[in-house]
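Data block below; observations after.
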Amino acid sequence: MSGRYTIRDAIAENRIFFNRVVIIFILIIVSMTGLVVRLVYLQIEGFEYYATLATKNQIRISSIPPMRGVIYDRNGVVLAENRPAYNLKIFPEKVKKNGNLKETLARLQQLLAIPDKKIIDFYKQRKRRKYFETIPFLSNLTEEEVARFAVMRPFFPGVEINVSSTRYYSHGLLTAHVVGYVGRINKKELKSLPFAEYRGTHFVGKVGVEKSYEALLHGKAGYTEEETNAQGRSVNTLRKVDSQSGANLYLTLDIKLQEVAYNALEGYNGAIVAIEIKTGDVLVFTSRPSFDPNLFVNGISTKDYRALQDSEDRPMFNRALRGQYPPGSTIKPFMGLAGLEYGVIKPRESIYCPGYYKLPNVKHRFRDWKRWGHGSTNLKKAITQSCDVYFYSLAMTLGIDRMHSFMSKFGFGQKTGIDLQGEKSGLFPSRAWKKEHKKKVWYPGNSIITGIGQGFTLTTPLQLARATATLANYGKIVNPFLVDRITQSNHTISVFTKPGKASIPLKAKNIDEIIAAMVNVVHGQGGTARRISTGINYQIAGKTGTAQVFTVKQNETYNSHKLKKKLHDHALFISFAPVADPQIAVAVIVENGGHGGSVAAPMAAKVIKKFLADYDPKFKDNNENQ
Amino acid sequence: MKTNDSSQFESASLIGNILRKLHVDIPLFLVLTLSCLLSFIILYSASGKNDDVLIRQIVRIGIAFGLMIGLAHINPEQFKRYSTFLYGVGILLLIAVLLVGEIGKGAQRWLDLGFFRFQPSEMIKITTPMMLAWYLSKHHFELKWKQLLIAMGLILTPTLLIAKQPDLGTSLLVASSGVAVLFFAGISWRLIVIIATLIASFIPVLWFYLMHDYQRGRVLTLFNPEADPMGRGYHIIQSKIAIGSGGIYGKGWMGSTQAQLNYLPESSTDFIFAVFAEEFGLAGCLGLLILYLLIIGRCLYIAVQAQNTYCRLLAGSLTFTFFVYVFVNIGMVIGILPVVGVPLPLISYGGTSMVTLLGSFGLLMSIHTHKKFLAH
């Protein structure tokens, strides 16, 4: 190719190249002229106009942050509100006009006991800002500090108190796991949030309802266009577009009931969830231990945060939403129902319980919790006394495929879809699941222990409450929901339509059998939760459970009382009431609580009794004043 | 003063000798030095008298000048030999960035090599014209469809890879550097018309499929910045106020209220021209444009004087890219082009672009100072 390259070619090529360079140069000159024309237009033609904007009267656009929406409980009790926060600001220019900055700071330091670091920070800030700008000095003063400063204020020209807004949770401990909290916007959030909307906002929802409903709670930012003089001081407001407050949320939560539940858990780690059966309203959503969400609003100190993180009781862990526990015997009513629906058992049919269950030709014995057995046992007795052998046998007959299919309908192993982020789905095993995750085939032994809610099965307290509510609702699926309605400037803009039209096809006759057995658990002879039935003029249906896994790691330095406690089983209880016209379903899980009947059931009873007493005076609780 | 004249002249010629030995093109070196000094002056004001910014910029320019002189030392034959290799490495690094690149400012541009962070798209700005110059210098008189298609492929590969990051500004620069080589190589006007039509028909594809929402927003903002004064329109409104209020003679050094009062975002980087225009007015802007024109003129002279096709094409393309740089940045700051992240060459605060720019001037100097037969 290059062999044919001649001098003539070189000259021709040179000529072409030169032509092209000339063309490009002309193009460049023309484009540059275009730039110059535009510059002339801006700087000569537009000079007057832009100079007015810039030199004499600058236009400053500043954001007006919206007021964050308030969160109430179902009865209008404030759960999250905006409170004034007092900050101290310093105008170095004014301070200097009347005295000495260093001396003023020294006096302030003495008056308010300010650490030296703050003073150093102040000087750093000052270097970065214009001489006439105000510099934030202290934030979130206590009332006492405000008062102390107010008295001495005439002696501090150029030092002023300014009021901003901060979030406050009046029932912090009770609502930390539901309402959540807001915190300072971090760098990562800054990138994903709309810049113009959050220009003047300091807080953003971090967890809970505060996070799920951030878009509604935040509101719409407004802005002002101000004329400012050459130094940037505001002279006049040209235009003001008001911000629009965020929407107020009314939760389905009943804070009084929440308090009852929270107090009932006193001394234990655990969770209580209560759902209103007819609506899916979540009345109680408690996880204990809890923490003070107010600590997070203005930045939690490292010490406080470490204390929360390192605590063996894991107070930041939302047990109601994310705690996954084996359901234990609380699964038995659902298993029994499955048996009836598939026609593999009949209500009056009995089997003999010798205290253990054995597969033919296999040595291994599956033990009943009652070593000497329950003897001849039908479905009602099996649920009332929580006979394991009956359900081992039932599970064997049903097989894992039918159990999985039936339990999935009640939402086991699935998220409930509650309006909170981070929900765990729990687990109800299947052949496919075991093959994928354990790389093993399904053994009959797996089915047997699945029948009593052990083995791989995991549920969250929320799931249990919802499954119980659905059962009490005769198969009409209850979808738990936390926000009841949204209001904007005092009129309701949206009422959540409660979904839940879907129904599990079940025979009412079979459900009646199960409910009768669950009533027997509380009110019948030998029922495992008998002690809660006293003094009420209505019936509670329930089922106790104990689960053999402990999740909370305990340190060796704990006292002996606690050490013993960690060996205990988890105590569970599911229940609903009144049986005649079910209103409320409650699920309780107490970590290392021991027996469901003695520990968990009374907690559920407290919630049910309080709720029904408030709901309708005809429901009496004679023990109330004890 | 007069008595010192001769000694000054002597020392100047001594420096000249040293620079010549270093393969440095003196006229180009002088205008570049002048613009960097200008950069220090305006940067000090734009950053609000920030010493740190100034010192960092001085260090960066020092490094970039070192690289420039280093590259000027290398014979252009070496560049030619390694063109394909460097281009290939650049493309691989771009792919690597897309796969493992670290997210910086919302876009994947950086490759973290552990000890330092590296932006391959900067390197590709030089290696793409090198590659095309190499390819077209082999086929310069037989530019048929096949060669043209291969050349287009060589341009589009890095362009699209960078657009995907997404970094519209750089991909535009890379594309124009490649197209410039084609143009200088003497493709017929008929082909130029066809390519222009192709590019024009590519615009809808770009708009609907390749551009991100924020990029579309920037283009729309150009036509109506007042529609969103708090958001997208903010930059351009503030920038126009800064420039317009500068008038003919400007407000004087350190007198820019727009930047000093923090109205103008990115006043040290992409929008530094607005600060310059505010402080030095139309007169200063004309001066700066003339300075740029001097650089471009000298570089085009170098291109015309170059001795072989490869050097000519490379020199021509690098010069044209430099102009595109200037035009796109100033065009965006004065509100006639959409906001794409392109700094003002030689003036804006920022390391990587400065290094590549001075690197390309190093190539130009190398081309000019390694001629086998001196022209005179």
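The values are calculated or read from the model by the stated rules, or taken from the named source; none is laboratory data. This one's a predicted model, so the numbers in the text were calculated from it and none came from an experiment. Neighbour counts run over all protein chains shown; Cβ positions are idealised from the backbone, glycine included. When the accessible area is computed, the model is the full protein with side chains, heavy atoms only, and any ligands, DNA or RNA have been set aside. Shrake-Rupley method; radii C 1.70, N 1.55, O 1.52, S 1.80 Å.
Laid out as a table, the results:
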quantity	calculated
Most to least accessible of A:His595, A:His374 (protein chains only, probe 1.4 Å)	A:His595, A:His374
Hypothetical label at B:Thr33: residues of the range B:49-91 whose amide nitrogen lies under 14 Å (7 Å Cα-Cβ projection)	B:62, B:65-66, B:69
Protein-only accessible surface order, largest first, of A:Ser329, A:Ser494 at 1.4 Å	A:Ser494, A:Ser329
Beta bridges by DSSP in chain A, antiparallel share as percent, to the nearest 5	95
Nearest-10 value in Å² for the accessible area of B:Cys36, using the 1.4 Å probe	10
4 °C / 1.567 mPa s Stokes-Einstein diffusion coefficient of the range A:82-169, Kirkwood radius on C-alpha pairs, µm²/s	96
Cα→Cβ-extended label distance, 7 Å offset, between B:Arg81 and A:Leu27, nm	3.3
Helix A:388-409 vs. chain A, principal-axis angle (Cα, 0 to 90°, nearest 10)	40
Over chain B, equivalent-ellipsoid semi-axes from the Cα gyration tensor in Å	31, 30, 19
Percent carbon-and-sulfur accessible area, the protein assembly as shown, ignoring ligands, DNA and RNA, probe 1.4 Å	59
Percentage relative contact order, chain B, counting C-alpha pairs under 8 Å, at least six apart	26
Rounded tilt (10° steps) of A:116-128 against the dominant C-alpha axis of chain A	50
q = 0.11, 0.16 Å⁻¹: log10 I(q)/I(0) that the Debye formula gives for the range A:118-213, counting C-alpha atoms only	-0.53, -0.96
Chain B, helix-only ellipticity at 222 nm - DSSP H runs n ≥ 4, -39,500 (n - 2.57), divided by all residues, nearest 500	-24000 deg cm²/dmol
FRET efficiency for B:Thr197 and A:Val241, using Cβ-Cβ distance with R0 set to 45 Å, rounded to 0.05	0.45
Distance between modelled label sites at B:Leu220 and A:Val78, nm, 7 Å Cα→Cβ extension	4.0
Sites A:Ser408 and A:Lys346 - FRET efficiency at Förster radius 25 Å, r taken between beta-carbons, to 0.05	0.55
Residue-normalised accessible area of the range A:19-162, given per residue in Å² at a 1.4 Å probe	56
Heavy atoms of B:Ser201 accessible to a 1.4 Å probe, total area in Å² rounded to 10	70
Spin-label model distance (nm) - B:Ala283 vs A:Glu93, 7 Å beyond Cα toward Cβ	3.0
At 1.306 mPa s and 10 °C, Stokes diffusion of the range B:284-376 via Kirkwood alpha-carbon radius, µm² per second	112
Accessible area (Å², 1.4 Å probe, nearest 10) - A:Met67	90
A versus B: buried accessible surface, summed, Å² (probe 1.4 Å, to nearest 100)	4700
Angle between chain A longest axis and helix A:255-264 axis [Cα atoms, degrees, rounded to 10]	60
Choice from B:Ile336, B:Ile296, B:Ile194 showing the highest fluctuation, given a GNM over chain B with Cα pairs closer than 10 Å	B:Ile194
Shielded by partner chains, the range B:290-314 residues - at least 50 Å² of accessible area, 1.4 Å probe, vs chain alone	B:Leu293, B:Leu300, B:Val304, B:Arg312
Whole-percent pair-distance distribution, where bins are 10 Å wide, for the alpha carbons of the protein assembly as shown	2, 9, 14, 15, 13, 12, 12, 10, 7, 4, 1, 0, 0
Residue-averaged 222 nm ellipticity for chain A, from DSSP H runs of 4+ at -39500 (n - 2.57), nearest 500	-11000 deg cm²/dmol
Cut-off under 5 Å, modelled amide H: who pairs with A:Ser165 long-range	A:Ala85
Per-residue mean of C-beta atoms belonging to partner chains within 10 Å, peptide B:178-189	2
Share of pairwise Cα separations in the range A:383-529, more than 21 Å, in percent	56
